[in-house]
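Colleague: The structure that follows is given in the form of structure tokens.
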Amino acid sequence: DQQVKQNSPSLSVQEGRISILNCDYTNSMFDYFLWYKKYPAEGPTFLISISSIKDKNEDGRFTVFLNKSAKHLSLHIVPSQPGDSAVYFCAASALGNEKLTFGTGTRLTIIP
Amino acid sequence: KAGVTQTPRYLIKTRGQQVTLSCSPISGHRSVSWYQQTPGQGLQFLFEYFSETQRNKGNFPGRFSGRQFSNSRSEMNVSTLELGDSALYLCASSLPGEHGELFFGEGSRLTVL
């Protein structure tokens with residue numbers, strides 16, 4: 001049972017445009033959401049997070065939006081740069097539980 | 001500050017063998033988690049240790065086991081290897097209370113022939 005879903009395995013975006021990566025979850029106990037970025041032959045690195053008490057969090061070019069009623073979150077990257085080409089994983093955790101549940105990832109390719 | 005170190009980086013085993021993977025967390029981090037990454041499955045949670053105690057366990061068979069030492073270093077063991085165990089095994093460490101902000105190592109790539 002995939003509790004965190006990333007339905008787009010891949011996404012291609014022109015350099016300078018906005019990249020939007022989507023994630024859906026089913027477990028209503030999740031209260032904290034994170035995005036990780038992974039380059040080949042490296043471990044995932046933390047990108048940005050959002051608590052369920054917020055609906056938006058920004059960090060430079062990266063913004064995460066959370067829609068609790070729809071159990072949906074999205075990551076916006078503006079403007080997209082070639083170095084953003086990587087696999088992006090959405091993850092979620094429940095209060096008091098260190099375990100992260102990850103989605104299957106979306107491979108983002110930025111076209112110069 | 002050194003990152004999370006995993007050894008070995010690559011290894012090849014045959015079916016039926018067993019394997020032990022090692023993880024040294026970031027200095028000061030006492031929580032260590034293990035994940036399995038396979039194509040199309042994302043990262044699947046294996047287990048999490050804190051102060052030498054297993055706090056969480058994922059849905060993996062008993063062939064998968066782990067432990068944590070007093071210096072926070074951790075090992076995971078897979079016995080009676082199967083072809084489907086071929087994967088990237090990732091270790092991550094974190095500070096207590098850092099809600100989900102894990103620091104990952106580069107992983108150990110296991111191939112089972």
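Colleague: Does at least one position in the stretch A:16-30 carry a residue that is surrounded by 14 or more Cβ atoms within 10 Å (Cβ to Cβ), within 11 Å of chain B (Cβ to nearest Cβ) and modelled with pLDDT under 95?
Modeller: Scanning the stretch A:16-30 turns up at least one residue that is surrounded by 14 or more Cβ atoms within 10 Å (Cβ to Cβ), within 11 Å of chain B (Cβ to nearest Cβ) and modelled with pLDDT under 95.
Colleague: Kindly provide the set of residues from the stretch A:20-47 that are closer than 19 Å to A:GLU98 by Cβ and in a strand (DSSP E or B), ordered by number.
Modeller: Matches in the stretch A:20-47: A:TYR25, A:PHE30, A:ASP31, A:TYR32, A:PHE33, A:LEU34, A:TRP35, A:TYR36, A:THR45, A:PHE46, A:LEU47.
Colleague: Quick check on A:THR63: is it touching a Phe, Trp or Tyr at 6+ places or on another chain (Cβ under 8 Å), among the polar types (S, T, N, Q) and touching a residue at least 12 places away in the same chain (Cβ under 8 Å)?
Modeller: Values: touching a Phe, Trp or Tyr at 6+ places or on another chain (Cβ under 8 Å): no; among the polar types (S, T, N, Q): yes; touching a residue at least 12 places away in the same chain (Cβ under 8 Å): yes.
In short, no.
Colleague: In contact (Cβ under 8 Å) with a residue 60 or more places away in the chain and small (Gly, Ala, Ser): is that true of B:GLY66 in this structure? Please lay out each step first, then the result.
Modeller: Numbers: in contact (Cβ under 8 Å) with a residue 60 or more places away in the chain: no; small (Gly, Ala, Ser): yes.
Against the criterion (in contact (Cβ under 8 Å) with a residue 60 or more places away in the chain and small (Gly, Ala, Ser)), B:GLY66 does not qualify.
Colleague: Something else about it: How many residues, within the stretch B:10-56, are farther than 18 Å from A:GLY103 by Cβ, of a type in the set (Ser, Thr, Tyr), exposed (fewer than 15 other Cβ atoms within 10 Å of the Cβ) and within 14 Å of another protein chain (Cβ to nearest Cβ)?
Modeller: 3
The values are calculated or read from the model by the stated rules, or taken from the named source; none is laboratory data. A quick note: this is a predicted structure, and the numbers were derived from the prediction, not measured. Note that each Cβ is placed from the backbone with ideal geometry, even for glycine, and that neighbours are counted across all protein chains shown.
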